[in-house]
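These notes are about the structure you will find just below.
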Amino acid sequence: MPAKYTIRDLERLSGIKAHTLRIWEQRYGILAPERTATNIRWYSAEELKKLLNISMLNNHGIKISRIAQMSVEEITRQAVELIEKEGEDSEHVTSLVIAAVELDEARFEKIFSGCILRQGFENTVHHIILPLLRKIGLMWQTGSIHRAQEHFVSSLIRQKLIVAIDSCIARPAAQPRRFMLFLPNGELHEIALLYYHYLLKSRGHESIYLGQSVPFDDLGIVCGIRNPDVMLTVFTGDPRDLSIQEYIFKLHQAFPDNRILVSGQKLIVKQISLPDNVVLFNGPEDLLTLLG
């Protein structure tokens, strides 16, 4: 079944107010909505892709009256030319969203590689890939894209991170620490955890990566064998059979002598109470600050 977008979806994904979109539609005929049997307007994936490209051109100073005179092919061509030049991070995120919607791996690879050449791997992940994942996650949660499109992007990024991790050759840190990285049982979204694994390894720390959906009892087994200095985990939702709050207190009770680093927007939104040995960090920059 083809994707259908409301004008509010277009507003959220393009950053252009619904009022402005209606004016553009009425005055310039830029968008061509379909209508349901009950006269509800909706827009196709093609209209979304067209609008994202139009938004990019408009943000670069091309008047909407000029864009309205262009063919779809010309709009796409000029948008691609802009992306191939050094530009703002938000434009690269927008272009990668289009690549996700179109399942266009070649386009994704070209943009990603260009960003790394200009900005380096870490800046590309911090300023482009992580915002992209947040936007893709929002689009999936609201039904604006299909699960397959979200998986497509996540798989490509996961591959890039694994290659970067395998390529890590770093001198030991001045004060190296042993980290154990894991996701709670039931948690499968490992992109952020993989990136933290890369950051730790690239700075000369030991990182024991356990990955997705680790049963709680296994944490004790690993701690008994390797005795990590720090445990690190990420929450995108409640773990299996427990709330985030309950899980954090269970970690505290089971590992009172370990420093435990936790991350995830859910912790901030829910205002989770943290025991003394549990520290909340808000993304890569915070983690690097904690590393010193």
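Counting only the backbone N, which residues of region 165-192 are under 13 Å from the spot 7 Å out from the Cα of residue 242 toward its beta-carbon? The answer is 183-187, whose backbone nitrogens lie closer than 13 Å to the label point. The lysines within cross-link reach of residue 201, meaning a Cα-to-Cα straight distance under 19 Å and a gap of 8 or more places when in the same chain, are 160. Ordered by the count of other Cβ atoms within 10 Å of each Cβ, fewest first, 126, 19 give 19, 126.
Given the alternatives [x] 41, 22, 15; [y] 34, 20, 18; [z] 30, 22, 20, semi-axes √(5λ) of the Cα gyration tensor in Å as computed for this entry is given by [x].
Taking GluC sites (Glu not before Pro) as exposed when their DSSP state is a loop state and no more than 14 other Cβ atoms lie within 10 Å, the longest site-free interval of the chain runs over 89-292.
Classify region 7-165 as rounded, prolate or oblate, taking a ≥ b ≥ c as the square roots of the eigenvalues of its Cα gyration tensor: rounded when a/c is under 1.5, otherwise prolate if a/b is larger than b/c and oblate if not. Oblate, since a/c reaches 1.5 and b/c is not below a/b. The phi torsions of region 11-25, fed into the Karplus equation with coefficients 6.51, -1.76 and 1.60 and a -60° offset, translate into couplings of 4, 5, 7, 9, x, 9, 4, 4, 4, 5, 4, 5, 5, 4, 5 Hz, rounded to whole numbers, with Gly and Pro shown as x. Considering helices alone, the calculated mean residue ellipticity of the chain at 222 nm is -17000 deg cm²/dmol, with DSSP H runs of length four and up weighted by -39500 (n - 2.57) and normalised per residue. Note on residue 266: lysines with a C-alpha under 18 Å away, same-chain residues under 8 apart excluded, are 135, 250. Based on DSSP loop calls and a cut-off of at most 13 other Cβ atoms within 10 Å, the longest stretch of the chain free of exposed trypsin sites (Lys or Arg not before Pro) is what? The answer is 86-239. Each part reduced to its alpha carbon centroid, region 239-281 and region 11-49 end up 43 Å apart.
Phi-derived couplings, Karplus 6.51 cos²θ - 1.76 cosθ + 1.60 at θ = phi - 60°, listed residue by residue for region 224-229: x, 7, 10, 6, x, 6 Hz, with x used for Gly and Pro. So who's got an amide H within less than 5 Å of the one on residue 235, skipping anything under 5 residues away but keeping other chains? H placed 1.01 Å off N, in plane. Under 5 Å from the amide H of residue 235 lie the amide H atoms of 263, 264, each far enough along the sequence or on another chain. Quick check on region 107-239: take the gyration tensor over C-alpha atoms, sort the square-rooted eigenvalues as a ≥ b ≥ c, and tell me if it's rounded (a/c under 1.5), prolate or oblate. Here region 107-239 falls in the oblate category.
For residue 208, nonlocal amide neighbours, meaning residues 5 or more places apart or on other chains whose placed amide H falls under 5 Å from its own, are 179, 180, 181. Contact order, relative form, for region 7-165: 16 percent (alpha carbon pairs under 8 Å, 6 or more residues apart, mean separation divided by residue count).
Bear in mind that the values in this text are calculations on the coordinates, not laboratory data. From a predicted model like this one, the values you see are computed outputs, not experimental measurements. All Cβ positions, even for glycine, are placed from backbone atoms using ideal geometry, and neighbour counts span all protein chains on display.
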